[in-house]
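Enquirer: My questions will all concern the structure given below.
The values are calculated or read from the model by the stated rules, or taken from the named source; none is laboratory data. Predicted model, so just to flag it, every value in this text is computed and none were measured. When we count neighbours, we look across all protein chains shown, and the Cβ atoms used for this are built from the backbone with ideal geometry, even at glycine. For accessibility, only protein heavy atoms count, side chains too; no ligands or nucleic acids. Shrake-Rupley method; radii C 1.70, N 1.55, O 1.52, S 1.80 Å.
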Amino acid sequence: MGCCSGEVEPEKTPNGDVVLVDQIRADRKCTDLLFLLLFFLFWVGMLIVGFTGFSEGNVNRLLYGIDYHANLCGQSNSVSTNGTANGTVVANGTGADFSNREQLFYYDLTSLASSVSSVDSLTSIPVSTLKTVCVNGCPTDFIPYDDLMGMLASASFASSSELLVDSAMSSIKKNYAEYMDDKYWYCEYYKYTGAALAADVVVDEWSSQYFANLSNAEMITSIKMVDGPCYPTYLKFSDFINYCVPSIPQNMVDFFNSKPPPPPGNSTTAPPPPENTTSSPTATSSSDATSAPTAGNSTDSSEFASAEYYDNLKTALNYLTDARDYLETYITDIYKGWAVILVAGVLGGVVLSMIWMTVIRYAVGFMAWGTLLFINLLFIMIAVFCALKAGLIDTDNQIGDQLGEVDSGGVTDVTDNDKKVFEVATYITVGLAVVVFLFTLLLAKRIKVAIAVLKVASQAVSTMPMILFFPLVQFAMLVGLMVWWIAVVAGLYSAGDVSEKEGGGYDLAWDETLRYMMLYHLFGLLWTNQFIVGFGLMVVAGAIANFYWTAGDTNLMPAAPVMGSMRRTARYHLGSIALGSFLVAVIQFIRLVLEYIDRKTKNMQEANPIYKYLMCIVKCCMWYLEKIMKFINRNAYIMVAIKGKNFCKSAITAVALLVENVLRLAAVNIVGDSLIFLGKLMVMLGAGVIAFLMTDLDIYTDPAEKTYLSSPLMPIILSCLIAFFIADIFFQVYEMAVDTILLSFCEDCSQNDDHPKFAPPLLAAAIGQSKELQSRGKGSVANHAPGAEST
């Protein structure tokens with residue numbers, strides 16, 4: 001049968017009465033079809049956007065780097081139809097075949113330092129403007145620092161005189177012959193340098209290693225690291241997602257941190273050599289090395305970088321080193337501690353969540369009343385303490401003597417000014433204590449009902465344990481959505497043109513169509529995400545509603561309440577979910593736009609505090625509006641699941657019921673939210689304790705073991721986060737069960753003049769109607785059941 005095929009024929013007892021559970025299933029019609037159609041058409045557009053991203057995008061642009069001349073590493077770059085690499089737009093590269101060159105290498109570290117004027121974070125380093133080449137494997141051979149200083153010292157004596165240049169290079173080639181090999185040097189592509197070569201030498205135009213073939217003059221400029229065309233590798237590099245990342249020795253970083261940058265032109269202190277490196281046997285003496293001019297130290301300061309070079313390089317090296325070291329350490333510890341994460345985070349999260357839900361079921365009354373008693377006693381103790389401080393309690397009488405003994409540590413020894421302050425504090429705390437006590441008395445009956453609601457919710461969940469795993473279906477749907485969304489984003493992002501940036505280098509640029517597609521795709525993520533969440537909420541509400549409207553009689557419940565609820569939701573109410581999720585998605589999209597405007601107008605807001613204040617107000621209002629809309633949606637979905645009406649009618653009914661029963665709602669929320677939050681916290685902390693105990697085992701603390709952890713921090717933190725996530729999944733079901741039982745109870749009261757006829761025994765006992773409800777037969781007439789009227 002189709003979506004709007006008509007009503008579901010209810011099952012009846014021999015007397016002709018409608019079985020309670022079938023009141024939920026009877027009289028269903030499709031709701032909010034217009035928005036279901038709109039959602040379907042929107043997803044047709046999403047598929048078109050996805051097809052555009054997959055067909056026009058080049059994901060290799062994300063997997064591999066783009067060099068300084070717009071060539072994409074790891075593939076053959078066809079000649080651009082829009083101009084050469086130095087043109088305004090380069091769509092497809094310059095014709096270089098880099099199929100065997102997958103790594104992007106920043107060959108000139110001096111450009112890194114000179115490009116950084118003020119680095120606030122790693123992401124602010126302008127890496128897109130640095131000089132780069134595509135290479136076949138990251139450099140692992142490097143020139144030891146002492147030897148590099150010696151080569152610089154020898155090169156510093158060379159001037160424009162050809163004789164001095166040849167003499168200096170003769171000395172360098174003799175003393176440092178090993179480092180004349182091309183593997184220690186990386187150069188700008190020969191195509192763009194036209195560097196003078198030694199006689200009878202031919203170099204490929206896309207070669208980036210031709211130092212050994214340079215003329216003596218070009219070698220001198222390369223050794224000085226001024227204008228290239230080649231630059232020495234004095235660090236070891238490793239491949240990180242096809243980018244060559246330097247392995248910077250810690251003592252070099254420490255040097256730059258502990259020493260002020262030398263003044264340009266006259267410093268005699270060179271940075272220390274990297275750790276674990278040895279000088280060449282033919283290296284210059286230590287006195288030569290320590291007095292040798294370095295990059296930034298020369299009698300001719302114009303020939304080398306200024307002292308600012310050291311300051312900028314220090315900052316850049318720190319960010320690069322810290323990021324790499326932390327990342328490598330964390331990833332290694334997570335890999336070695338996978339068993340800790342699995343046992344403590346996953347299994348611990350599941351087991352501890354189940355235990356806490358059992359505790360709530362059997363001890364919720366004790367926990368709730370105990371908490372209220374503790375809060376009342378706490379206010380009284382604070383009031384007494386303030387009274388003692390203020391001298392309002394006479395310590396000469398018997399009670400005062402006893403309190404004075406407790407206060408023998410000098411609690412009452414205060415100045416006259418302090419006594420006045422504590423006197424005011426006493427009156428305030430006494431007033432608060434009275435208010436809390438009256439509030440407790442006023443809500444006592446409703447708290448009793450709230451406790452019963454929580455117990456009934458636990459009972460309902462226990463009768464259908466598979467409902468606890470339904471969020472995994474939601475999770476799988478959300479993961480599928482995110483995988484699709486990220487894949488399309490990657491395609492759209494890589495579908496832009498490679499354009500030249502001001503200051504050098506290239507980046508991807510989007511045209512207007514791609515920008516609008518990305519915005520459309522972003523809204524699709526928000527809407528679909530809320531749609532999946534809404535689907536899960538309505539399925540859980542429909543299943544739990546079966547328990548309430550059968551008065552907790554499992555014999556009257558369907559064999560598979562979760563599957564039945566899923567079928568009803570998918571068959572009749574996807575349109576209502578589409579409408580509710582659309583409203584939340586619009587608000588979320590507006591919040592993202594406001595966040596974007598906020599970031600773009602930071603300078604204007606700093607100049608005028610009024611703008612900053614207004615922006616803050618608007619953002620806060622939108623945040624509250626989203627919370628309110630989600631609250632309305634949640635309760636509207638429950639009423640749709642119970643009565644089968646459309647979204648707007650269900651939302652109005654739900655809000656009206658909640659307003660009429662605001663004190664009941666407050667009591668349930670206070671007790672339920674407190675216990676659920678405490679439960680999440682206890683599960684997370686319990687998993688953390690388990691992870692801590694496991695990481696303290698010898699297999700993780702003994703350096704000789706392969707699973708030795710440099711720090712247990714990351715496995716413990718990850719275990720806690722996973723356990724909290726699992727607890728949140730379990731308690732989401734429980735929270736929805738509580739809300740469904742509460743709203744069903746309110747609807748039952750509304751229909752029957754505040755004398756509910758379908759409340760389960762625990763809830764009936766809490767309101768003193770257990771005898772009346774027990775006398776009721778297991779079947780019930782339809783005119784008291786939800787959904788009996790035609791929708």
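Enquirer: Would you mind working out the accessible area per residue for the stretch 704-764, using a 1.4 Å probe, and quoting it in Å²?
Expert: 37 Å²
Enquirer: Nearest 0.05, what FRET efficiency do Thr329 and Ile486 give at R0 = 30 Å with Cβ-Cβ as r?
Expert: 0.65
Enquirer: If you take the beta carbon distance between Leu663 and Phe725 as r and set R0 to 45 Å, what does 1/(1 + (r/R0)^6) give as a FRET efficiency, to the nearest 0.05?
Expert: 0.85
Enquirer: Sort Trp527, Trp369 from largest to smallest accessible area, using a 1.4 Å probe on the heavy atoms of the protein chains.
Expert: Ranked list, largest accessible area first: Trp369, Trp527.
Enquirer: Leaving ligands, DNA and RNA out of it, work out the accessible area of Phe51 with a 1.4 Å probe and give it in Å² to the nearest 10.
Expert: Accessible surface of Phe51 is approximately 140 Å².
Enquirer: With the full set of protein chains in place, find how many percent of the accessible area of the stretch 428-565 is carbon and sulfur; take the probe as 1.4 Å.
Expert: 71 percent
Enquirer: Then there's this: Roughly what percent of Cα-Cα pairs across the stretch 520-620 reach past 23 Å?
Expert: Above the 23 Å cut-off, the stretch 520-620 has 51 percent of its Cα pairs.
Enquirer: Right, another one. How large is the accessible surface of Arg28 in square angstrom, using a 1.4 angstrom probe and rounding to the nearest 10?
Expert: 0 Å²
Enquirer: Could you report the stretch 439-576's accessible area per residue, 1.4 Å probe, as an integer in Å²?
Expert: I get 40 Å² per residue for this part.
Enquirer: Ignoring ligands, DNA and RNA, how do Phe40, Phe531, Phe437 rank by accessible area with a 1.4 Å probe, largest first?
Expert: Phe40, Phe437, Phe531
Enquirer: Here is the link list: Lys645/Lys757; Lys173/Lys224; Lys131/Lys191. Which ones come out longer than 18 Å on Cα distance?
Expert: Over 18 Å apart, Cα to Cα: Lys645/Lys757.
Enquirer: Quick check: residue separation of Met180 and Ile652 times 0.36 nm, minus the Cα distance between them. What number comes out in nm?
Expert: Here the segment from Met180 to Ile652 would lengthen by 161.7 nm.
Enquirer: If I model a spin label at Leu685 and Lys419 as a point 7 Å from the Cα along the Cα→Cβ vector, what separation in nanometres do I get?
Expert: Those two pseudo-labels are separated by 4.1 nm.
Enquirer: Something else now. Between Trp43 and Ala560, how high is the FRET efficiency from 1/(1 + (r/R0)^6) when r is the Cβ-Cβ distance and R₀ = 22 Å? Nearest 0.05.
Expert: For Trp43 and Ala560, the calculated efficiency is 0.15.
Enquirer: To the nearest 10 square angstrom, how much accessible area does Glu178 have with a 1.4 angstrom probe?
Expert: Accessible area, nearest 10 Å²: 110 Å².
Enquirer: Which value in nm describes the separation of the simple spin-label points at Ala198 and Ile590, placed 7 Å from the Cα toward the beta carbon?
Expert: 7.3 nm
Enquirer: At most 14 other Cβ atoms within 10 Å and a DSSP loop assignment: could you name the trypsin sites (Lys or Arg not before Pro) in the stretch 643-711 that fit?
Expert: Sites meeting the loop and neighbour criteria: Lys706.
Enquirer: Give me the number: length gained by fully extending Leu478 to Val351, i.e. 0.36 nm times residue separation minus the C-alpha to C-alpha distance, one decimal in nm.
Expert: 43.3 nm
Enquirer: Given H placed 1.01 Å from N in the peptide plane, which residues other than close sequence neighbours of Lys236 have an amide H under 5 Å from its amide H?
Expert: Ser247
Enquirer: Please turn the phi angles of the stretch 459-465 into ³J(HN,Hα) values with the Karplus equation 6.51 cos²θ - 1.76 cosθ + 1.60 (θ = phi - 60°), one per residue in order, whole Hz, x for glycine and proline.
Expert: 4, 4, 5, 5, 6, 9, x
Enquirer: Between Ala339 and Val618, what length in nm is gained on full extension when 0.36 nm per residue of separation is reduced by their alpha carbon distance?
Expert: Length gained, Ala339 through Val618: 95.8 nm.
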